[in-house]
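Worksheet: one structure, shown below.
The values are calculated or read from the model by the stated rules, or taken from the named source; none is laboratory data. Keep in mind that what you see is a predicted model, and the values were worked out from it rather than measured. Here the Cβ positions follow ideal geometry from the backbone for every residue, glycine too, while neighbour counts run over all protein chains shown. The accessibility values were calculated without ligands, DNA or RNA, using every heavy atom of the protein model including side chains. Shrake-Rupley method; radii C 1.70, N 1.55, O 1.52, S 1.80 Å.
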Amino acid sequence: MKKRVFVITGATGTGKTTVSDYLRDYYHMPKVITHTTRPPRKGEMNGVDYYFENDESFDQNHYLEQVAYAGYRYGSSHEGLDAAFESNPYITIVLDTKGAVTYAEQLGEEAVIIFLTVSQDADLIDRMTKRGDDSMMLKERLDSPEYRRDLTLPSALKNVAHVIVNDNLATTKVKIDDIVTAAIAN
Ligand SMILES: Nc1ncnc2c1ncn2[C@@H]1O[C@H](COP(=O)(O)OP(=O)(O)OP(=O)(O)O)[C@@H](O)[C@H]1O
Ligand SMILES: Nc1nc2c(ncn2[C@@H]2O[C@H](COP(=O)(O)O)[C@@H](O)[C@H]2O)c(=O)[nH]1
C-alpha cells in the first residue's frame, strides 16, 4: 500500500498543530512525535507533544532532518517516522519550512506538503498570546529569523505545497478534506 506523510508547515501560530490534530481525530492519522530541546509549554507532555530532550539526549537519535529554531534544536527521527507508519500508511508531521523543504526533496510524492498562512500576521501574535505562550519566549520567537522566514512560502515549495489561508478553521478543514481525498485517490 502506498504511504503518505502529510507535512503541515508555516509560521508559528498559523494552526499547524490544530490541523494535525484534525487529521488525527478525523482520519486517524498518527502524528510523528519530533524531538526538541525547547522546554515544554504549559500542558505539553513528553512523548505526546514532543520528546523533550537535552543537548546530549537529542544527539542520541537518528534524524531525517534537524534544524535550529528560535534558539532551540528540533529534529524528526527515523525512529519516530517508523513508529507512526507502523500503525497507518497515512501519517502527519508538523515542521518549520526548512524541514518541509527537506521532506519534499527526500520523500518526493510520498510527502504531501501543506503550507498554512493567515491574511494578517498580527493575528498570529493574538493567537499565541491566547494560547498562553510565555511572554519572554514569545518575544524571542517573534524576533527570530526563523519566524520571519516561515511567514512566506519558500521558493522550493512553490508548485509543490498546497497553500491554505487559515483565517477560518471550518473553511480550512474543508480544504484539508479535499487535499486528503485527492492524495489518497492518487
Ligand atoms: N483558524 C483559526 N482561527 C483562530 N484561532 C486558530 C485558528 N487555527 C488555530 N487557532 C488557534 O491558534 C493557536 C495556535 O494554533 P497552533 O498551536 O495549532 O499553531 P502552530 O502553527 O502549531 O504553532 P507553533 O508552531 O507555535 O507550535 C491555538 O490556540 C489554536 O487553537
Ligand atoms: N524542521 C523541523 N521543525 C520542527 C520539528 N518539530 C517541530 N518543528 C517546528 O519548529 C517550530 C517551533 O515549534 P514550537 O512547538 O516550539 O512552536 C514550528 O514551526 C514547528 O512546526 C522538527 O522535528 N523538524
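Is it the case that segment 174-186 has a residue that's under 14 Å from the mean Cα position of the chain (by Cα), of a type outside the set (K, R) and surrounded by 17 or more Cβ atoms within 10 Å (Cβ to Cβ)? Before you say what the answer is, go through the steps one by one.
At the first step, the residues of segment 174-186 found to be under 14 Å from the mean Cα position of the chain (by Cα) are none.
Taking every residue of segment 174-186 in turn, none turns out to be under 14 Å from the mean Cα position of the chain (by Cα), of a type outside the set (K, R) and surrounded by 17 or more Cβ atoms within 10 Å (Cβ to Cβ).
List, please: which pairs have Cβ atoms under 9 Å, are six or more places apart or on different chains, and start with a residue in segment 142-154 that is in contact (Cβ under 8 Å) with a residue 12 or more places away in the chain and end with one that is among the basic types (K, R) and assigned to a helix (DSSP H, G or I)?
Every condition considered, the pairs that remain are L142/R148; E146/K98; Y147/R141; R149/K98; D150/K98; P154/K98.
Please find, within segment 105-136, the residue that is most open to solvent (accessible area, probe 1.4 Å) out of those that are touching a residue at least 12 places away in the same chain (Cβ under 8 Å), among the aliphatic types (A, V, I, L, M) and more than 30 Å from F85 (Cβ to Cβ).
Filtering segment 105-136 for residues that are touching a residue at least 12 places away in the same chain (Cβ under 8 Å), among the aliphatic types (A, V, I, L, M) and more than 30 Å from F85 (Cβ to Cβ), the one most open to solvent (accessible area, probe 1.4 Å) comes out as I125.
Can you name every residue in segment 19-36 that is in a loop (DSSP other than H, G, I, E, B) and either more than 15 Å from ligand 1 (Cβ to nearest atom) or modelled with pLDDT under 95 (or both)?
Listed by number, the residues that qualify are H28, M29, P30.
Please find, within segment 1-18, the residue that is surrounded by the fewest Cβ atoms within 10 Å (Cβ to Cβ) out of those that are assigned to a loop (DSSP other than H, G, I, E, B) and either away from ligand 1 (no atom under 14 Å from the Cβ) or free of Cβ contacts under 8 Å to residues at least 12 places away in the same chain (or both). Walk me through how you get there before you give the answer.
Step one: of segment 1-18, the residues assigned to a loop (DSSP other than H, G, I, E, B) are 1-3, 11-15.
Restricting the remaining residues to those that are either away from ligand 1 (no atom under 14 Å from the Cβ) or free of Cβ contacts under 8 Å to residues at least 12 places away in the same chain (or both) gives 1-3.
Details: M1: 4, K2: 10, K3: 13.
Ranking the candidates gives M1 first.
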